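Taking it in order: structure first as C-alpha cells, then the write-up.
Bear in mind these aren't lab numbers, they're just calculated from the coordinates by the rules spelled out. Computed from a predicted structure; not experimentally measured. Cβ placement follows ideal geometry from the backbone for every residue including glycine, while neighbour counts extend to all protein chains displayed.
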Amino acid sequence: MTFDFVPALTTILGFSLASFALAITPGPDMALFLSRTVTGGRISGFAAMLGASAGMLVHLTLAAFGLSALLAASVTAFTLLKIIGGLYLLWLAYGAVRHGSAFSVDQTAVPQSLSSTILTGVGINLTNPKVIVFFVTFLPQFVDAGDPNAAGKLLFLGVLFLLIGIPTNALIVVVAERVTGFMQSSPRAMRAFDYGIAAVMSAFALKLVLTQGR
C-alpha cells in the first residue's frame, strides 16, 4: 500500500511551522473563543473553538478541491496562484509589523448557551472571506504544480492544519485569562510577537517567490 498523498517530511515540517504561527495569530476566531472563555469559562471557550474549527473544516475542504480542479485545468494558473500566495504572505507580514495584532477581547459580553456559542463560532468563521482567501493562497505553496498526487496532498495538509490548530487553540483557551492579560499589558511582548509572526510569514513567502522565479 502506497501513501502518495503524504508530502515529503521537509514539506510537512515547514507546513507545520507555518500552521503553528497562523494558529497563534490573533483574529476574529481567536477573539471569539477568548472572550467566551473570559466571560463564560473554559467550556464556553472550547465550544466557540469547536464551532470555529467546524467552519475551518468547510473552508479547507472547499479550498483543497477547488485548488485540485484548478491544477487539473491549468498548471500555469496554479503556479501563478502560488506566486500570488507568496505576495499575500508578505502583505500579512507587513500588516503584523505595521498595524500590530493586538489582542482585542470583549470581557463584557453576556454569556451564551453552549449551542449558541458553537453556532456563533461556525458563523463567524464561515462568513469571514479572509479565511478562504488565505487558504486558497496558502496551501498551494506546499504542493508542486506538476505533482500528480496534488489533490491528496492538499487534503492531507488541510487536515494537518486542523490537527495543529485545535490543540494549540485549546491550550490558549486553558490559559486565556493569563495570556490576554499579559499580552494586553505588555507592549514589548506584543511587538515581539508581531515581529516573530512577520518573520515566519516572510521566510515562507520569499522561499515561495524565489522558487517560482527559477
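Key figures for this structure:
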{"quantity": "Stretch gain in nm, segment LEU9-VAL133, where the contour uses 0.36 nm per residue and the Cα spacing is subtracted", "calculated": "42.0 nm"}
{"quantity": "MET56, MET49 arranged by Cβ crowding within 10 Å, fewest neighbours leading", "calculated": "MET56, MET49"}
{"quantity": "Span from the the range 13-27 Cα centroid across to the the range 40-81 one, whole angstrom", "calculated": "14"}
{"quantity": "Per-pair calculated FRET efficiency, R0 = 35 Å: ALA199 and ARG42 via Cβ, rounded to 0.05", "calculated": "0.65"}
